[in-house]
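Only the coordinates and a few stated rules stand behind these numbers; no lab work does. None of the values given here were measured: they were computed from a predicted structure. Quick reminder, even Gly has a Cβ in these numbers, built from the backbone with ideal geometry, and neighbours come from all protein chains shown.
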């Protein structure tokens, strides 16, 4: 396996940075937690924007972290082909920073939700989904209060036409239904790609479904994109 150095960026309020690092370590990927004010290390070959509550979700989730100076470095790295993955709060940051289209807002239930969900692989021809088959269903947990993906109809159509929808919430058998959508996301979208397929965000937590000791390993394939 090719060893890379993945920078897991920590903001004030991040709480899934250690989870992400441990999951990557388990997969044999060299990873380190980087305090946002220190900038990206020179040897960074991958970036994770982890979950949590950066800046206490002040204004709205991810809004303040998206304007931290390190995000400009992340955008530059992404432009040079560095893999970038935003998870939960990291997905919110990615959307706010323009790394990916759409935005994440308050759950339709107006409450914080923490539960396992099923998501269907919509595009298996990406680094993040190469370990899966198209249409495969995996089980991963969510833990968010602002996870509802919102996007204009015409932009959603563009995502569809360019195969940039990565995952959709679904039933265990793969059927996409309103009942399977835990937060009211537009068209059940759970994860999307940026302009290039090495940049992705998703609301569920693959790092929490990676360690066998936790009883779930379906998320391993997402993180193997860094390996």
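Derived from the Cα gyration tensor, the three semi-axes of the equivalent ellipsoid of the range 149-218 are 23, 16, 10 Å, largest first.
Taking the inverse of the mean 1/r over every pair of distinct Cα atoms in the range 92-143 gives a Kirkwood hydrodynamic radius of 13.2 Å.
When only Cα pairs below 8 angstrom with a gap of at least 6 residues are kept, the chain shows a relative contact order of 21 percent.
Per residue of the chain, the DSSP helices (runs of n ≥ 4 H) give a summed -39500 (n - 2.57) that works out to -5000 deg cm²/dmol at 222 nm.
For the range 1-80, averaging the sequence separation of C-alpha pairs within contact (under 8 Å, six or more residues apart) and dividing by the residue count gives a relative contact order of 36 percent. Model label sites at residue 115 and residue 196, defined 7 Å from Cα along the beta-carbon direction, differ in position by 3.9 nm. Each of 195, 45, 210 was scored by other Cβ atoms within 10 Å of its Cβ. Listed from fewest to most, they are 195, 45, 210. When the P(r) of the range 45-138 is calculated, the portion above 19 Å amounts to 50% of the C-alpha pairs. One Cα centroid belongs to the range 145-220, the other to the range 3-49; the line between them spans 22 Å. The label-point distance for residue 186 and residue 75, in a model that sets each label 7 Å from Cα toward Cβ, rounds to 2.1 nm.
Packing-based ranking of 49-55, 86-92, 200-206, 67-73 yields 86-92, 200-206, 49-55, 67-73, ordered from highest to lowest mean Cβ neighbour count within 10 Å.
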